[in-house]
1. Inspect the range 385-394 for any residue being under 19 Å from residue 474 (Cα atoms) and modelled with pLDDT of 95 or more and give the result as yes or no.
2. Within the group 290, 312, 283, which residue is within 29 Å of residue 47 (Cβ to Cβ) and out of contact with any helix residue (DSSP H, G or I) (no Cβ under 8 Å at 6 or more places or on another chain)?
3. Pull out all pairs, ordered by first then second residue, where Cβ-Cβ is under 8 Å, the residues are six or more apart or on different chains, the first lies in the range 24-43 and is not assigned by TED's automatic domain parsing to the domain that holds residue 590 and modelled with pLDDT of 75 or more, and the second is assigned to a helix (DSSP H, G or I) and among the hydroxyl-bearing types (Ser, Thr, Tyr).
4. Of all the residues that make up the range 580-616, how many are in contact with a Leu (Cβ under 9 Å, 6 or more places away or on another chain) and more than 18 Å from residue 650 (Cα to Cα)?
5. Would the range 166-178 turn up any residue that is of a type in the set (Phe, Trp, Tyr) and at pLDDT 90 or above?
6. Which of the residues spanning the range 209-224 are assigned to a loop (DSSP other than H, G, I, E, B) and surrounded by 14 or more Cβ atoms within 10 Å (Cβ to Cβ)?
7. Among the numbered criteria (1) under 30 Å from residue 672 (Cα atoms); (2) of a type in the set (D, E, K, R); (3) surrounded by 15 or more Cβ atoms within 10 Å (Cβ to Cβ), which one does residue 72 miss?
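The values are calculated or read from the model by the stated rules, or taken from the named source; none is laboratory data. Predicted model, so just to flag it, every value in this text is computed and none were measured. Quick reminder, even Gly has a Cβ in these numbers, built from the backbone with ideal geometry, and neighbours come from all protein chains shown.
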Amino acid sequence: MKRKLTISMIILAALQFFAHPVFSQDIPVQLQQQLENFAHANEEETEDDAYWQQLEKFSRHPLNLNLADAEELKELGILNELQIENLLRYRNLFGKLVDVHELQAVPSWYPALIRRLMPFITIATAFTAKEGLAKRFRQGSHSFLLRVAQVLEKSKGFENPGAGTGYKGSPQKIVARYRYTYKNLLQFGWLGDKDAGESFFRGVQRYGFDFNSFHLFARKIGFVEALAVGDFTVNIGQGLIHWQSLSFKKSGETMAVKKQSPVLRPYNSAGEFNFHRGLGVTVRKKKIEVTGFISFRKLSANLEKGAAQHAVVSSFQTSGYHRTTAEIARKNVLAQFAAGAIARYKAAGWQLGINTVQYKFSIPVEKRDEPYNLHAIKGDDWSNYSFDYSYTHRNIHLFGEAAMDKNLHTAFINGCLISLDSRVDISFVHRRLAKEYQAMTASAFTENASPSNENGLYTGLSIRPAPCWKLDAFADIYQFPWLKYLVGAPSYGKEFFLQLTCTPDKKLEIQTRLTRSCRLADTPANTTVMNYLSAVQRTVWQIQTNYIMSTAFTFRSRLQLLWLNGNDKENGFSFYIDGIYKPSLKPFSFSVRLQYFETSGYNSRLYAYENDVLYSGGIPALFGTGYRYYLIIQTKPIKQLSLGLRYAATIYTSQSVIGTGLDQITGASKREIKVQLLYTF
């Protein structure tokens with residue numbers, strides 16, 4: 001034991017000697033809440049880490065607010081459209097900013113918002129130099145990331161590797177990524193991903209990773225605003241016909257209801273479904289901007305025999321898992337061709353856009369013959385068209401999109417952001433989506449996962465009565481004219497939200513929030529001939545604190561309670577404390593969490609964002625009764641090298657089996673270890 005302690009002290013002394021600060025990945029609380037809502041709605045965590053990459057990029061190369069245009073300000077993911085327009089107008093009226101404190105004079109900007117932006121922005125003298133192509137390729141930075149994670153317990157899928165129904169590969173999850181970047185003007189790279197259970201340099205993957213992604217993305221080359229080669233995402237309007245980047249909906253940021261993103265964005269995340277592979281380009285001539293893209297790629301899908309006994313696609317496989325014989329057989333069986341065009345007219349304070357997306361499939365799509373699939377996409381081709389707009393007049397911003405699909409079914413979404421006072425903001429979103437309307441790759445501000453079969457009205461309110469107080473509230477009332485999965489009749493629902501944030505000083509933030517929703521669902525215990533719906537009410541209350549005890553140590557805690565009243569009553573409880581130690585000018589940092597949770601079942605599951613190694617974040621679904629803890633150690637022994645280690649464990653006190661199917665673990669604990677290396681040069 002003494003020898004181990006001596007070795008540890010030598011290592012610590014060495015780390016102190018090579019004192020290179022560790023990059024801190026601090027995710028705003030508002031983003032954490034949005035990610036938790038995303039995980040609850042989709043019952044899975046996202047693999048799209050583009051936002052983390054953006055934060056890291058702006059941390060290393062802060063955005064100059066004296067030079068940034070509207071598209072670059074949107075990439076921050078923190079400002080709403082009204083705040084962006086107000087900054088641009090302020091700059092036009094009064095000239096370049098001279099000090100960061102001047103931002104408080106910009107309408108709808110407030111101290112807490114400015115503090116949130118501080119790590120990612122700068123106020124510098126506006127100076128532009130010619131950025132030639134040769135300079136972009138020579139003076140950028142390279143980075144290589146390698147991440148390996150593994151659950152230490154052996155699940156059922158790994159017990160008999162030679163069995164036909166088991167996993168074919170090893171239990172490690174591996175991500176490797178190389179990336180070259182020059183400011184916000186040039187980026188190219190490669191990503192390889194292997195999920196746990198997939199083969200690696202053996203079997204069906206003799207050449208390495210199950211998923212490989214390549215991309216090259218350039219901005220501002222003469223009249224070419226953006227050029228994408230390889231893998232990229234396309235985001236159009238308000239998401240009614242096409243949106244592929246990470247998309248958030250209702251949250252504590254009640255004014256963040258408008259979708260904002262450049263049309264083309266580079267893609268180098270581990271998700272294997274929601275992106276295009278091909279060529280995209282945006283050109284601009286004065287006030288007119290035109291984007292076109294073309295894509296061809298193969299998708300994993302379930303194939304069945306259709307009505308004419310020919311093979312049809314019954315569903316798309318979006319998980320990216322190719323671990324078993326059945327999953328491998330579904331890999332890349334469908335060829336998809338996609339093309340689209342977006343034309344925008346941009347003027348001071350307003351813009352108009354006309355958009356179209358076309359798809360062609362090598363095998364016809366025909367969903368299973370279920371009532372809720374009556375209006376689903378069908379056939380070997382699909383198309384969508386839309387018109388979108390935005391307009392700003394003083395303290396009012398209007399936006400919306402009107403869309404139509406191949407069969408002429410329509411969808412409309414319209415919204416409004418209003419700054420009633422320097423301390424009061426209000427937002428509205430109205431949507432009316434025909435039950436027959438369908439889109440292949442879409443994500444709008446709706447209750448449904450995809451924009452279809454919904455009518456609703458959202459109203460949000462944000463009040464800042466005093467510098468240290470902020471009140472956010474929203475009400476959303478909606479109805480579904482047609483059936484849904486597990487909802488065998490037209491239905492309706494409503495959701496109410498109230499959040500109070502107190503920031504008495506720069507060191508302490510206390511936030512409490514209450515969410516109550518009610519919606520209709522099938523009655524599981526029903527034994528009558530006719531099915532009927534019953535109301536399910538879900539209430540969640542939480543209080544969260546964030547206390548900066550010193551320049552090095554931060555303390556966080558959260559108490560969360562849940563009540564579920566429906567066919568079966570369920571309750572949930574969770575409490576955690578975090579300790580984060582990040583000494584300045586030191587080559588290491590530590591983060592630890594201790595959490596207790598207790599829920600009646602899966603329906604009363606709770607989510608809590610977890611810190612992780614750089615570019616990664618966890619949001620596990622916790623249900624049952626047990627404890628969870630994790631420890632993260634990050635160090636930077638030399639300037640170019642960052643190392644991260646994460647150990648997490650969940651210990652259940654009321655069960656001896658964890659998970660289901662091939663992921664089932666015999667035992668009461670589940671432990672995971674993750675190691676990451678990041679080398680920049």
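1. no
2. 312
3. none
4. Here the count works out to 8.
5. Scanning the range 166-178 turns up at least one residue that is of a type in the set (Phe, Trp, Tyr) and at pLDDT 90 or above.
6. Result: 209, 210.
7. (1)
Residue by residue, here is whether (1) of a type in the set (Gly, Ala, Ser); (2) over 30 Å from residue 108 (Cβ atoms) holds:
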| residue | (1), (2) |
| --- | --- |
| 237 | yes, no |
| 242 | no, no |
| 257 | no, no |
| 273 | no, yes |
| 281 | no, yes |
| 286 | no, no |
| 301 | yes, yes |
| 306 | yes, yes |
| 327 | no, yes |
